[in-house]
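**Student:** Got a structure for you, questions after.
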Amino acid sequence: MKVVYHPLMKESYDHTPAGAPGRLDTSVKILSEHPDYDIVMPKPATEQQLLLAHDDGTISRVKRESESSSKQNLYKTALLAAGGAILTGKIAIEEDVAFGLIRPPGHHASRSSYWGFCYFNNIAISLLELKNEGLIESAFLLDFDLHTGDGNINILDSESSFVISNPRSNNEEDYLREVRAVLESSPEVDIIAASAGFDQYIHCWGSNLSTKAFYEIGFMMYEFAKEKCDGKRYGVLEGGYNHEDLGRNVLAFCEGLRGVQSTIL
Ligand SMILES: [Zn+2]
């Protein structure tokens, strides 16, 4: 399975928990040492691609924020994150399942504003790029981050053939049941994508989901894709702030997403 990642993502680019030093270290180590995962490097998104989801003013504001000496990597990294999501979606459509190990996250970035550690809306840009290129018309977007992806809704809600789900249940059993129910009730689509946040983790802010639950969510997406969208599926990283366990949670989700039938995590 392809993992889209660029070494600049490892460097801190701001003072938010998402940009903290060391946050991606366990994920990079586990996935790069795993024989079933190949790291591929993205190119930065172009301004034209950013404009699919954002207005000019938002792009300029992120650029200006990066002029501060403590955020000098910000704009470059944000462009790579958006470009990373685009590449992840492309691989999912043209080759096989893929995961974007990217930051800054994006699901709180709206067309004309951003907050919540996000700058550009990576997943929205990637879906709109696929649509723009005529590769998809419809999509299911599952956002399992602890926080509602208000940016995803702001940008994609006007797309009538896109379904966006932000499950809300506050215990694992109910949460997985809710995910299953929304997936079952979805019509056939061209692709399923995930805003993959790991801050619902039992040892992170949400205190809700186990590592196994992330595997189950990935596996449900795998089954959905087989049944409803010709196997087309991908995810990109959003939140998740337990640095030590983020790698095993990302791996658990990816193992489910690629359809590995295993209970050993
Ligand atoms: Zn979050």
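Every number here is computed from the coordinates shown, using simple stated rules; none is lab data. What you see is a predicted model; the values in this text were computed from it and never measured. Positions of Cβ are generated from backbone atoms using ideal geometry, with glycine treated the same way; all protein chains shown enter the neighbour counts.
**Student:** What pairs from K131/K212; K10/K76; K43/K90; K10/K90; K43/K212; K131/K228 go past 21 Å between their alpha carbons?
**Tutor:** Violating the 21 Å limit, Cα to Cα: K131/K212; K10/K90; K43/K212.
**Student:** Which listed residue (Q48, I125, C254) has the Cα farthest towards the positive end of the charge dipole for the range 2-257, taking +1 on Lys and Arg C-beta and -1 on Asp and Glu C-beta about the Cα centre?
**Tutor:** Working it through, the farthest residue towards the positive pole turns out to be Q48.
**Student:** May I pose another question? Whole-Hz ³J(HN,Hα) for each residue in the range 162-172, computed from phi via Karplus 6.51 cos²θ - 1.76 cosθ + 1.60 with θ = phi - 60°, x for glycine and proline: what do you get?
**Tutor:** 9, 10, 10, 10, 10, x, 10, 4, 10, 9, 4
**Student:** Taking the chain as a Gaussian network, where each spring joins two C-alpha atoms under 10 Å apart, which residue of V40, V250, V236 fluctuates the most?
**Tutor:** Looking only at V40, V250, V236, the largest GNM fluctuation is found for V40.
**Student:** Using a Gaussian network model of the chain whose springs link C-alpha atoms within less than 10 Å, name the residue from D150, D245, D56 with the highest mean-square fluctuation.
**Tutor:** D56
**Student:** Would you kindly derive the ³J(HN,Hα) couplings of the range 6-23 from the backbone phi angles with the Karplus curve 6.51 cos²θ - 1.76 cosθ + 1.60 (θ = phi - 60°), listing them in order in whole Hz, with x for Gly and Pro?
**Tutor:** 10, x, 5, 4, 6, 6, 5, 10, 7, 9, 8, x, 6, x, 5, x, x, 4
**Student:** Using the eigenvalues of the Cα gyration tensor, what equivalent ellipsoid semi-axes result for the range 2-257 when each is taken as the square root of five times the eigenvalue, whole Å, largest first?
**Tutor:** So the three semi-axes of the range 2-257 are 24, 21, 17 Å.
**Student:** Something else now. Give the long-range amide H neighbours of G231: residues separated by 5 or more places, or on another chain, with amide H under 5 Å away, using H modelled in the peptide plane at 1.01 Å from N.
**Tutor:** Answer set, sorted by chain and number: K226.
**Student:** Which whole-Hz ³J(HN,Hα) couplings does the range 62-69 yield from phi under the Karplus relation 6.51 cos²θ - 1.76 cosθ + 1.60, θ = phi - 60°, glycine and proline marked x?
**Tutor:** For the range 62-69, the Karplus curve yields 5, 4, 5, 4, 6, 6, 5, 5 Hz.
**Student:** I've got another one for you. Is it possible to state the helix-based mean residue ellipticity at 222 nm for the chain, with each DSSP H run of 4+ residues giving -39500 (n - 2.57), the sum divided by total residues, to the nearest 500 deg cm²/dmol? What is it?
**Tutor:** -13000 deg cm²/dmol, from helical runs alone.
**Student:** Next question, about the same structure. Placing +1 on the Cβ of each Lys and Arg and -1 on the Cβ of each Asp and Glu in the chain, which of T211, S66, L31 has its Cα farthest towards the positive end of the resulting dipole?
**Tutor:** Going by the charge dipole, the pick is S66.
**Student:** What percent antiparallel are the DSSP beta bridges of the chain, to the nearest 5?
**Tutor:** 5 percent
**Student:** Name the long-range amide H neighbours of K2: under 5 Å, sequence gap of 5 or more, or other chain; modelled H, no Pro or chain starts.
**Tutor:** Answer set, sorted by chain and number: D38, F99.
**Student:** Magnitude of the Cβ-charge dipole of the chain, K/R +1 and D/E -1, about the Cα centre, nearest 20 debye?
**Tutor:** I would put it at about 580 debye.
**Student:** Further, regarding this structure: I need the shape label for the range 1-119. Rule: rounded when a/c is under 1.5, else prolate if a/b > b/c, else oblate, with a, b, c from the alpha carbon gyration tensor.
**Tutor:** Oblate, since a/c reaches 1.5 and b/c is not below a/b.
**Student:** Give the long-range amide H neighbours of V163: residues separated by 5 or more places, or on another chain, with amide H under 5 Å away, using H modelled in the peptide plane at 1.01 Å from N.
**Tutor:** It is A139, F140, L141, by chain and number.
**Student:** State, as an integer percentage, the relative contact order of the range 54-199 based on alpha-carbon contacts under 8 Å between residues 6 or more apart.
**Tutor:** Relative contact order for the range 54-199 comes out at 22 percent.
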